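The values are calculated or read from the model by the stated rules, or taken from the named source; none is laboratory data. The structure presented is a predicted model; accordingly, all values stated were derived computationally and were not measured. Neighbour counts run over all protein chains shown; Cβ positions are idealised from the backbone, glycine included.
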Amino acid sequence: MSRPPPVTPRVKFLLDNWYWIVTALVSGGALMWPQLRARGAGGVSPQEAVQLINREKAVVIDVCEPAEFAAGHVGGSRNVPLGSLEGAKGLPSNKSQPLVVVCARGARAGRAASQLTKAGHQRVHVLSGGLAAWREAGLPVEKSA
């Protein structure tokens, strides 16, 4: 009878630590999920957002709560909190005008983009990474008094 080949140290490590490897992959996926979801919802980088604003007159909709908005927001953005998005007056009536939806990190903006698309807005983009990515790109942030 032939013996099975010996287990290499790498295979032994994987077999002994499979639980931790799976945990690391799942937690990494959970951390990336908001970014991937934003990309799927028409997510744009801060640089792409600036191009949409400058070239196509995109309207920036910040779906943060008023206190968050006052602490810092994209210049010229309109504050329409996610909870009051349905029927809000701060949205453009021209539903073909591009919108860039922003929140602190991108998760709420993804939900808002879904609502806006269902409401008939045709060109809705989520700022991937939210205001944090905007700041990291060195773009200006305004504060309300």
_Looking only at the stretch 52-78, count every residue that is of a type outside the set (G, A, S) and within 17 Å of the chain's Cα centre (by Cα) and tell me the total._
12
_Subset of the stretch 7-55 [modelled with pLDDT of 90 or more, assigned to a helix (DSSP H, G or I), closer than 13 Å to V126 by Cβ and out of contact with any Phe, Trp or Tyr (no Cβ under 8 Å at 6 or more places or on another chain)]_ = E48, L52
_Failed criterion for A70 (all others in (1) farther than 20 Å from L31 by Cα; (2) part of a strand (DSSP E or B); (3) of a type in the set (A, V, I, L, M, F, W, C) hold)_ = (2)
*asked:* Cβ contacts < 6 Å: first residue over 19 Å from G110 (Cα atoms), restricted to the stretch 122-145; second residue part of a loop (DSSP other than H, G, I, E, B), any location; separation 6+ or different chain. Result?
replied: P140/G75; V141/G72; E142/G75; K143/G72
*Taking the stretch 73-116 as the region of interest, how many residues are assigned to a loop (DSSP other than H, G, I, E, B) and either basic (K, R) or at negative phi (or both)?*
20
*In the stretch 117-145, how many residues are within 20 Å of E65 (Cβ to Cβ), small (G, A, S) and not in a helix (DSSP H, G or I)?*
3
*Out of A145, A133, A119, which single residue is under 15 Å from the mean Cα position of the chain (by Cα) and at pLDDT below 95?*
A133
